[in-house]
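The values are calculated or read from the model by the stated rules, or taken from the named source; none is laboratory data. The structure presented is a predicted model; accordingly, all values stated were derived computationally and were not measured. Heads up, the Cβs are rebuilt from the backbone with ideal geometry, glycines too, and the neighbour counts pull from every protein chain shown. Quick note on the areas: whole protein, heavy atoms, side chains included, nothing else; ligands and nucleic acids left out. Shrake-Rupley method; radii C 1.70, N 1.55, O 1.52, S 1.80 Å.
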Amino acid sequence: MLRDRGTIKWSAMMLPEHVQSIKEILEEAKKIKMPILEEDKIREMELLLLEGIEYNLLLHFDIFDDGAIRRLSGKTTSIDHLNRELRILDTNNHTHSIPFHNLVNIQND
């Protein structure tokens with residue numbers, strides 16, 4: 001039975017620049033667009049945020065970052081209205097400044 005090697009057989013005939021550009025195209029295709037939040041969702045996130053500050057709660061933040069959504073868990077230390085950012089202290093005691101417009105979701109345990 002003939003065993004096909006798939007794309008491996010073609011990679012030897014490709015220049016490294018072509019392989020790199022194909023990898024970049026595939027990475028670009030994986031990226032998602034920034035979700036548009038509804039008013040109700042924004043209000044819900046605001047209430048959770050204020051509740052988290054008042055009661056020093058551990059919250060989980062979903063953050064849009066360069067075509068992907070990453071999760072950050074921590075406690076909100078302050079809200080910077082002037083720069084429109086949150087200051088979050090994560091579980092490793094590192095402080096992160098997250099712009100408001102990058103927040104996608106906030107969850108409580």
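Structure above, values below:
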| quantity | calculated |
| --- | --- |
| Residue count, the range 27-44 (criterion: open to solvent by 100 Å² or more (accessible area, probe 1.4 Å), more than 23 Å from Leu89 (Cα to Cα) and modelled with pLDDT of 85 or more) | 5 |
| Among (1) surrounded by 14 or more Cβ atoms within 10 Å (Cβ to Cβ); (2) closer than 15 Å to Gln107 by Cβ, the one test that Leu47 misses | (1) |
| Qualifying residue in the range 64-79 (condition: touching a residue at least 12 places away in the same chain (Cβ under 8 Å), open to solvent by 70 Å² or more (accessible area, probe 1.4 Å), in contact with a Leu (Cβ under 7 Å, 6 or more places away or on another chain) and not acidic (Asp, Glu)) | yes |
| Neighbours by Cβ (under 9 Å, 6+ apart or cross-chain): first from the range 23-52, closer than 22 Å to Gly74 by Cα; second part of a loop (DSSP other than H, G, I, E, B) | Met45/Leu37; Leu48/Leu57; Glu51/Leu57; Gly52/Leu58 |
| The range 80-109 residues that are touching a residue at least 12 places away in the same chain (Cβ under 8 Å), paired with ones that are among the basic types (Lys, Arg) and in a helix (DSSP H, G or I) (beta carbon under 8 Å, 6 or more apart) | Asn105/Lys41 |
